[in-house]
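A short write-up of the structure that comes next.
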């Protein structure tokens, strides 16, 4: 497929007043903020297809993995790469809140997303979720809410890989069956007593476990860790629609910097961990030991998709913190700084209580 300039795809003038149309999570269509004109977006899914992973890893051409040329801006502070929905001389980085003036644009060829999940949580909903979360927790610093007011939540489409694989695993180990033996002993008073003592009978066990893994989800941008991505899972991938630049109008979008092969390494690690747990359950009677698993992977496929996230990055005492909201479901994840003063006051209160209890006991 011939490469296309992203900039030319992301201009959506309103047919009524020629203003910029933006995608609305509430209406699930393009909406003009000036005159209220609403333009429907095609919700087709026919382009969401799996690509052959082995062909990709072997360097062969995969005709089903379409490539596209996009306009990309790179943050001069944190290195985050963002695709913008309009041409602007300035923007605020979604990851470090750094205002970049006249950023240097460059072009790179990437695997075009085949599908995406549109935003369903709008800005006001994300703000309400964020404020509610900030207000919880006694150990949070008192000035945290005031600090957070100075930082905006950013709605951004982040890149993800999904991986499928058929697995066959041969396992062997020892299943442990508990049994109890009555033992007799003499207590400190010279009396004969009995007790039940647990023993384990180890039985050799082996077998074959097969499983098909569907849509193992791996984050494609290094700005967040896989653990942070997983903190707001799951996404309802049955709502995937064809990748359409119209959904990006009014939003930011990041490009992947974790290539498909590195993403698959993470996915295979997740699959291996799940396989090991499943084989352990098969080997276990009451317990198990010495489990060995050998797995084979076939029919591996992948696809590249975009998923919506609301992100707030803020600095507190020179330490970065992230707050995430799943842009489809509203699930949240974040870590707050801890007030050293409040911790010290709690410790002091505990010490005072202990001292008071001590003197009361001594007095009695």
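Is it fair to say residue 270 is modelled with pLDDT of 95 or more, in a loop (DSSP other than H, G, I, E, B), in contact with a strand residue (DSSP E or B) (Cβ under 8 Å, 6 or more places away or on another chain) and surrounded by fewer than 21 Cβ atoms within 10 Å (Cβ to Cβ)?
So residue 270 does not fit the description; no.
Would you check which residues across segment 253-266 are part of a loop (DSSP other than H, G, I, E, B) and out of contact with any strand residue (DSSP E or B) (no Cβ under 6 Å at 6 or more places or on another chain) and list them?
257, 258, 259
Let me confirm something: among 250, 290, 207, which residue is assigned to a loop (DSSP other than H, G, I, E, B) and more than 16 Å from the chain's Cα centre (by Cα)?
One residue alone meets the criteria, 250.
Identify the single condition in (1) closer than 30 Å to residue 261 by Cα; (2) at pLDDT below 95 that residue 208 does not satisfy, given that it satisfies every other one.
(2)
Pick from 166, 124: which is exposed (fewer than 13 other Cβ atoms within 10 Å of the Cβ) and either under 20 Å from residue 245 (Cα atoms) or modelled with pLDDT of 85 or more (or both)?
Exactly one of 166, 124 is exposed (fewer than 13 other Cβ atoms within 10 Å of the Cβ) and either under 20 Å from residue 245 (Cα atoms) or modelled with pLDDT of 85 or more (or both), namely 124.
The values are calculated or read from the model by the stated rules, or taken from the named source; none is laboratory data. In this text the structure is predicted, and so the values were computed from the model without any measurement. Counting neighbours? That spans all protein chains shown, and the Cβs are built from the backbone with ideal geometry, glycine included.
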